[in-house]
């Protein structure tokens with residue numbers, strides 16, 4: 001009788017195991033139904049959200065003709081530099097910082113009394129968007145004020161001090 005009882009228990013256990021492994025014929029079907037959503041949707045469509053402020057960045061000085069990534073030939077190091085441009089009335093100001101939030105000249109003035117071109121540079125804190133933490137050169141081509149001499153030999157006051165343009 002114990003053999004018969006053991007056989008029955010083994011058969012029952014096997015039947016339960018097989019039943020537990022059985023699934024739906026549709027592999028994407030769910031075993032438990034999902035209750036239907038009730039009430040209004042709580043998602044907000046983009047057009048329902050208030051307008052976010054656009055990214056702001058410092059405004060380059062009106063004298064800045066172009067801003068481009070990279071440095072002109074001959075500029076090395078990681079300090080702010082000023083070099084003469086192709087046109088004698090242009091100055092190339094090279095800054096180093098974030099590629100997504102470049103430092104640019106925001107004010108360019110000629111101080112005739114001191115015989116110095118003063119250039120104010122922006123900072124990354126003036127950006128409202130996230131800035132990358134890379135260190136790359138950016139070149140801003142500055143058109144010299146009418147009363148300033150040509151770029152070659154010009155004394156320029158930058159963030160890092162005063163330099164003479166080669």
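The values are calculated or read from the model by the stated rules, or taken from the named source; none is laboratory data. Please read all numbers here as calculations on a predicted model, not as lab measurements. Virtual Cβ from ideal backbone geometry, glycine too; neighbours counted across all protein chains shown.
Some values worked out for this structure:
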{"quantity": "Enumeration of residues in segment 63-73 that are more than 24 Å from the chain's Cα centre (by Cα) and either modelled with pLDDT under 90 or closer than 20 Å to residue 120 by Cβ (or both)", "calculated": "63"}
{"quantity": "Matching entry among 108, 156, 94, 83 (being closer than 16 Å to residue 59 by Cα and outside any loop (DSSP other than H, G, I, E, B))", "calculated": "108"}
{"quantity": "Unique match (being within 18 Å of residue 157 (Cα to Cα), in contact (Cβ under 8 Å) with a residue 40 or more places away in the chain and in contact with a strand residue (DSSP E or B) (Cβ under 9 Å, 6 or more places away or on another chain)) among 136, 103, 94", "calculated": "94"}
{"quantity": "Unmet criterion (only one of (1) modelled with pLDDT of 95 or more; (2) over 18 Å from residue 82 (Cα atoms)) for residue 144", "calculated": "(2)"}
{"quantity": "Residues satisfying the stated conditions in segment 82-94, i.e. at pLDDT below 95 and surrounded by 14 or more Cβ atoms within 10 Å (Cβ to Cβ)", "calculated": "85"}
{"quantity": "Checklist (1) assigned to a helix (DSSP H, G or I); (2) at pLDDT 55 or above applied to residue 18, failing item", "calculated": "(2)"}
{"quantity": "Residue count for segment 115-130, restricted to those that are in a loop (DSSP other than H, G, I, E, B) and out of contact with any strand residue (DSSP E or B) (no Cβ under 8 Å at 6 or more places or on another chain)", "calculated": "5"}
{"quantity": "So residue 121, is it closer than 21 Å to residue 86 by Cβ and crowded, with 17+ Cβ neighbours inside 10 Å", "calculated": "no"}
